[in-house]
1. Tell me which residues, restricted to the stretch 80-99, are closer than 12 Å to residue 113 by Cα, without any contact (Cβ under 8 Å) to a residue 60 or more places away in the chain and either surrounded by fewer than 18 Cβ atoms within 10 Å (Cβ to Cβ) or of a type in the set (D, E, K, R) (or both).
2. Checking the condition surrounded by 21 or more Cβ atoms within 10 Å (Cβ to Cβ) and among the hydrophobic types (A, V, I, L, M, F, W, C), which residue from 126, 63 passes?
3. Do we find that residue 154 is within 27 Å of residue 119 (Cβ to Cβ) and either open to solvent by less than 50 Å² (accessible area, probe 1.4 Å) or modelled with pLDDT under 95 (or both) in this structure?
4. Take the stretch 1-41 and flag every residue that is among the polar types (S, T, N, Q), loosely packed, with under 13 Cβ neighbours inside 10 Å and modelled with pLDDT of 90 or more.
5. When only residues in the stretch 230-246 that are of a type in the set (D, E, K, R) and at pLDDT 70 or above count, which is least open to solvent (accessible area, probe 1.4 Å)?
6. Residues 52, 44: which one is under 28 Å from residue 135 (Cα atoms), within 17 Å of the chain's Cα centre (by Cα), surrounded by 16 or more Cβ atoms within 10 Å (Cβ to Cβ) and of a type in the set (D, E, K, R)?
Amino acid sequence: MNLKYRNQRNAEATARYWNKPIDKADWYKIEALSDDNTELMIYDVIGWPFNDAGEIIRALAGVTSKTVTVRINSPGGDVFDAMAIFNALQAHKSKVITRVESLAASAASFIALAGKEVQAYQNAMVMIHDPWVLAAGNQYDLREIADILEKISGNMVDIYSQNSNVGKKEIRDMLKAESWFTAKEAKEKGFIDTIIDGKAVKAQFDLSMFAHVPDGLGEESQGRELTRKETERALRNAGASREYARAMAAKRADASDECVAIAEEIKKTISIIGG
């Protein structure tokens, strides 16, 4: 398949969408804990344009331990790279145990299903949704992209249905709706086998591209100020015109600067009053 979308312009656009730098290299770690157990940590966005899935697959090829434990905390990523990792884990000669340590969203969710045993901490979450792209082109380009997305969605339906107790029709409905599951709900659906007691790490990713993120999950739950570009994008996603979104984002940025200046003046006044 000619993955012609993998060019510098699209890489930069994708990086802006995920709100993270392209050159962050510490996305995974593989370590032999003993002769019997190897640990693989996947703790970031998966695959292009941030990292090379081939690195994990080549590293896995050299693992000979009886067990490979895959620790996952990821918002997802490139579907083709994630599919390659899924296939490599399923085909591995070792017993693969996957563990959702906080979040297995989007493409990371079917990597989690590659384990012969799938575990999750009791406060971890899983999310599945239909594949989507950032795209530009004429009517023929977009129809071709839609056809490819439909095929990818079909592959995902097969993976989820074969590795759970949910039928294909229900899976399609879940993907269309963008479905979020607690560990308990995921276990009821058969997506995970074992719930682990204990507190999972907090997922700290920009999840603003997803439509139905539960309250309290992701970077935005920590009260982070939106940048001017993020404000503009949110307004555009809500249906505002480009001109209106740009003007409102600029006005908000100016107002924020003014508030900072006022706050500084208040601090000075309090300092004077307080002696």
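1. Residues satisfying the conditions are 87, 90.
2. 126
3. In short, no.
4. Across the stretch 1-41, the qualifying residue is only 34.
5. Among residues in the stretch 230-246 that are of a type in the set (D, E, K, R) and at pLDDT 70 or above, the one least open to solvent (accessible area, probe 1.4 Å) is 232.
6. 44
The values are calculated or read from the model by the stated rules, or taken from the named source; none is laboratory data. Worth saying up front: this structure is predicted, and the values here are computed from it rather than measured. Positions of Cβ are generated from backbone atoms using ideal geometry, with glycine treated the same way; all protein chains shown enter the neighbour counts. The area values use the complete protein model at the heavy-atom level, side chains included, leaving out ligands, DNA and RNA. Shrake-Rupley method; radii C 1.70, N 1.55, O 1.52, S 1.80 Å.
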